[in-house]
Amino acid sequence: MPRVAKKSAKPPERDILKLIPASEHRPQPSSRRIGIHTSTAGGVETSAERAWRLGCNTLQIFSSSPRMWRPMDISPKQCETMARLRAEYDLKPLVIHANYLINAAGTNPEILEKSVSALRAEMQRAISICSEYVVLHPGSFRGCSREQGLNNACEAIARASDGLNMAENGLTLLIENTAGAEFSLGSSFENVADLIAALARKIPVASCIDTCHTHVRGYDIVSEEGYAETMRQLDATVGLANVRVWHCNDARAACGSKLDRHEHIGKGSIGLEPFRRLLNDPRHAHAAFILETPIDEPLDDLHNVEVLKALVS
Ligand SMILES: [Zn+2]
Ligand SMILES: [Zn+2]
């Protein structure tokens, strides 16, 4: 019976550590910092070996389970191993994507308290593992006004980072633009810029711009003129120098659809050319380009990294 066969079949191996032996790894150098959201299965420090095996020179990870409140501890030994591997493989920056449950913009006091503690723990782990950036979605202001949501977010983030000495520890919080779902804060560049401006007095803060979110929110990054205009708007609000990380994701949905579904590079409604333009734009030379593309088939991660690297001229 097919049902039995399906049940007993082992899912295909997806871990790059098992798919590409170290002896077969041939990294191609790139003049851009290119990486992918990398698995930490077996401990956070194992991600460095995976990133290198995937041909990356930067990486993004979750520092604990992204959909659970329970924090995870990182031991000094793990931090040491991570630092050694990053130096050996020239992996920088190390970006931590914050837990998806965190909502700093909301009004529910219980969620807000949990969010403050979880964000604080994210930043403490980031400091202990010498990560340069924590990426945060600004959250949902359902139940209050956008203005109030922005104030909530600003206050909650300030509380979460109180006394952490982020500047001395080399940590910057990056506010990510969102796809524009109802009540989501930060779907416009103005929103992201407002939050950064409000926080800049208190902590080191900059931004992470996601190509899929930008596109489905309705900004044109596909046509040449559209790209020029969108970059002009981004520069006038957030400032291009403040975009430290570009999340490079193609989109399954159309421009303006507000549907956040990431697609393989070149296979979606954005297509290859806009990524070539982005990667080779000298105004983004300081930034890291990090994929958050799906792994539908084994080696999809490796393939997307190689596609992105091949676009750099
Ligand atoms: Zn993203
Ligand atoms: Zn997304």
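Laboratory data are not the source of any read-out in this text; all were calculated from the coordinates shown. Note that the structure is a prediction, hence the values are computed from the model and not measured. Cβ: placed from backbone, ideal geometry, glycine included. Neighbour counts: every protein chain shown.
List of remarks:
- The range 120-197 shape via C-alpha gyration tensor axes, a/c threshold 1.5: prolate
- Sequence-distant residues sharing a close amide H with residue 33 (under 5 Å, placed H): 289
- Amide H contacts under 5 Å for residue 177, placed H, 5+ residues apart: 208, 210
- The dipole here belongs to the range 29-310: it is taken about the Cα centre, uses +1 on the Cβ of Lys and Arg and -1 on the Cβ of Asp and Glu, and is about 400 debye.
- Remark: spin-label model distance residue 144-residue 224 equals 4.7 nm, labels positioned 7 Å along the Cα→Cβ axis.
- Think of the chain as having a plus end and a minus end, set by charges on the Cβ of Lys, Arg, Asp and Glu; of 140, 212, 305, 305 sits farthest toward the positive end of this dipole.
- Table column - 3J(HN,Hα) (Hz), the range 167-184, Karplus curve with 6.51, -1.76, 1.60, x for Gly and Pro: 4, 5, 8, x, 10, 10, 8, 10, 8, 9, 6, 10, 6, x, 4, 4, 6, 7
- Rounded to the nearest whole Hz, the Karplus-based 3J(HN,Hα) values (6.51 cos²θ - 1.76 cosθ + 1.60, θ = phi - 60°) of the range 145-162 follow the sequence 7, 4, 4, 5, x, 5, 4, 4, 4, 4, 5, 5, 5, 4, 5, 4, 9, 4, with x at glycine and proline.
- Selection from 152, 64, 101, by position along the positive dipole direction of the chain (Cβ): 64
- Cα-derived Rg over Rh, computed across the range 72-139 with Rh taken as Kirkwood radius: 1.07
- Rounded D (µm²/s) - the chain, Kirkwood Rh over Cα pairs, Stokes-Einstein at 10 °C, 1.306 mPa s: 80 µm²/s
- Built amide H within the under 5 Å cut-off of residue 244, gap 5+: 207
- Using every pair of distinct Cα positions in the range 76-220, the Kirkwood expression returns a hydrodynamic radius of 15.6 angstrom.
- Using 0.36 nm per residue and subtracting the Cα-Cα separation, the extra length available between residue 31 and residue 107 on full extension is 22.9 nm.
- Cα centroid separation - the range 42-80 against the range 226-267, whole Å: 26 Å
- The range 1-159: Rg to Rh, with Rh as the Kirkwood radius over Cα pairs: 1.08
- Using θ = phi - 60° and Karplus 6.51 cos²θ - 1.76 cosθ + 1.60, couplings along the range 46-56 (whole Hz; Gly, Pro as x): 5, 5, 5, 5, 4, 4, 5, 4, 7, x, 8
- Cα centre as origin, Lys/Arg/Asp/Glu Cβ charges: the range 145-210 dipole, Debye: 180 debye
- Lysine pairs in the chain whose alpha-carbon atoms fall under 19 angstrom of each other, counting only those eight or more residues apart or on distinct chains, come to 4.
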